[in-house]
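Here's the structure, in structure tokens; my notes come after.
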Amino acid sequence: MSVLVNKDSKIIVQGFTGKEGTFHAEQMIEYGTNIIGGVTPGKGGTEHLGKPVFNSVKEAVTKAGADTSIIFVPPGFAADAIMEAAEAGIKVIICITEGIPVQDMVIAKAYIEKYPCTLIGPNCPGVITPDEAKVGIMPGFVFKKGRIGVVSKSGTLTYEAADQIVKAGLGVSTAIGIGGDPIIGTPTKDAVKLLMDDPETDGIVMIGEIGGNYEADAARYIRSTGNKKPVVGFIAGQTAPKGRTMGHAGAIVGGHDDTAEAKMKIMAECGIHVVKSPAEIGITMAGVLKK
């Protein structure tokens with residue numbers, strides 16, 4: 001039992017033969033991820049990196065039994081790629097693409113709601129279940145197998161948290177990079193719920209940032225579970241000026257509740273162990289688990 005991806009996931013790469021798709025597919029294959037092929041319209045029937053290329057996602061599902069897709073498609077076409085994957089029957093869609101127009105994502109998110117699928121991203125580093133599957137762009141060597149789940153809006157802080165967790169003598173069950181855009185497929189609360197329900201996860205690290213209400217929603221959900229698993233939380237952007245987008249398109253302080261300070265207060269009130277620096281994530285989690 002793992003969250004979202006595992007060694008048995010049958011993964012295809014949309015945008016397989018492009019520069020980004022090729023580079024990261026090679027890395028994923030080298031990690032041991034079960035990449036069964038890829039999709040590039042017009043190149044169906046050929047091979048790339050020793051794997052079959054299909055003309056469409058539907059063909060990859062029908063012929064190869066694909067159930068998971070990772071998308072490296074340019075921003076102007078990525079929303080269509082998400083909708084194509086959902087319609088073809090893909091269960092887990094992970095979209096790495098950055099810069100998808102918000103209007104496109106509004107349409108894509110509404111469209112895929114009628115299909116039984118989970119979208120992670122866009123503008124995310126992906127998902128990794130250490131030693132089983134790396135479906136994304138994260139450096140695999142940082143992640144060691146363990147029982148701490150990670151949910152993060154920030155790609156870089158996902159890796160930093162994993163490094164801190166490992167250095168504290170713990171390891172990672174599954175790390176989910178949800179993405180930093182204003183509209184994403186799986187908000188913090190839904191990703192945290194997956195880990196709360198996972199029997200192989202003993203504790204959760206939740207990394208958020210300024211802007212939006214994802215972290216507050218997740219914190220209230222965690223409290224509603226009776227805090228059944230310990231959660232260590234960190235919010236990036238504690239010194240960010242109001243009204244300015246910082247790094248991610250979704251990281252903008254609109255009102256008082258969007259600030260790092262306000263989010264950290266809500267999280268602490270909901271029983272989350274809030275740290276002020278990412279350097280404290282690992283030692284705090286190790287200390288909480290010993291209690």
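The values are calculated or read from the model by the stated rules, or taken from the named source; none is laboratory data. Only a predicted model underlies this, so the values are computations on that prediction, with no experimental measurement involved. With ideal geometry, Cβ positions are generated from the backbone for all residues, glycine too; neighbour counts draw on all protein chains shown.
Of note:
- Residue check, Glu20 under 30 Å from Lys145 (Cβ atoms) and either assigned by TED's automatic domain parsing to the domain that holds Gly89 or modelled with pLDDT under 95 (or both): yes
- Taking the criterion of being more than 24 Å from Asp131 (Cα to Cα) and in contact with a Pro (Cβ under 9 Å, 6 or more places away or on another chain), the residues of the range 171-212 that qualify are Asp181, Ile183, Ile184, Gly185, Gly211, Gly212.
- Across the range 108-152, the qualifying residues are those that are closer than 26 Å to Val288 by Cα and among the aromatic types (Phe, Trp, Tyr), and the one among them that is surrounded by the fewest Cβ atoms within 10 Å (Cβ to Cβ) is Phe141.
- Hits in the range 171-184 (condition: in contact (Cβ under 8 Å) with a residue 60 or more places away in the chain and either of a type in the set (Ser, Thr, Tyr) or surrounded by fewer than 24 Cβ atoms within 10 Å (Cβ to Cβ) (or both)): Ser173, Thr174, Asp181, Pro182, Ile183
- Test: residue in the range 173-184 that is over 30 Å from Tyr111 (Cβ atoms) and not in a loop (DSSP other than H, G, I, E, B): yes
- From the list Ile100, Ile90, the lone residue that is assigned to a loop (DSSP other than H, G, I, E, B), outside the structural domain of Asp190 (by TED's automatic domain parsing), touching a residue at least 24 places away in the same chain (Cβ under 8 Å) and over 30 Å from Lys145 (Cβ atoms) is Ile100.
- The single residue among Ile12, Ile90, Ile29, Ile71 that is closer than 18 Å to Gly177 by Cβ and not basic (Lys, Arg) turns out to be Ile71.
- Considering residues of the range 52-64 that are of a type in the set (Gly, Ala, Ser) and within 17 Å of Ile94 (Cα to Cα) only, the residue surrounded by the most Cβ atoms within 10 Å (Cβ to Cβ): Ala60
- Scanning the range 153-170 for residues that are charged (D, E, K, R) and under 22 Å from Tyr214 (Cβ atoms), we see that the one that is surrounded by the most Cβ atoms within 10 Å (Cβ to Cβ) is Lys153.
- All conditions in (1) hydroxyl-bearing (Ser, Thr, Tyr); (2) closer than 19 Å to Val288 by Cβ; (3) surrounded by 19 or more Cβ atoms within 10 Å (Cβ to Cβ) hold for Tyr221, with the sole exception of (3).
- Meeting the requirement of 3 or more residues that are among the β-branched types (Val, Ile, Thr), the strands (runs of 3 or more DSSP E) wholly within the range 1-78 are 11-14, 35-39, 68-71.
- Of the criteria (1) surrounded by fewer than 24 Cβ atoms within 10 Å (Cβ to Cβ); (2) touching a residue at least 24 places away in the same chain (Cβ under 8 Å); (3) under 30 Å from Asp198 (Cβ atoms), which one Glu26 fails: (2)
- One residue stands out among those in the range 190-213 that are free of Cβ contacts under 8 Å to residues at least 60 places away in the same chain and either in a strand (DSSP E or B) or out of contact with any strand residue (DSSP E or B) (no Cβ under 9 Å at 6 or more places or on another chain) (or both): the one that is surrounded by the fewest Cβ atoms within 10 Å (Cβ to Cβ), which is Asp197.
- For the range 153-172, a tally of residues being aliphatic (A, V, I, L, M) and part of a helix (DSSP H, G or I) returns 5.
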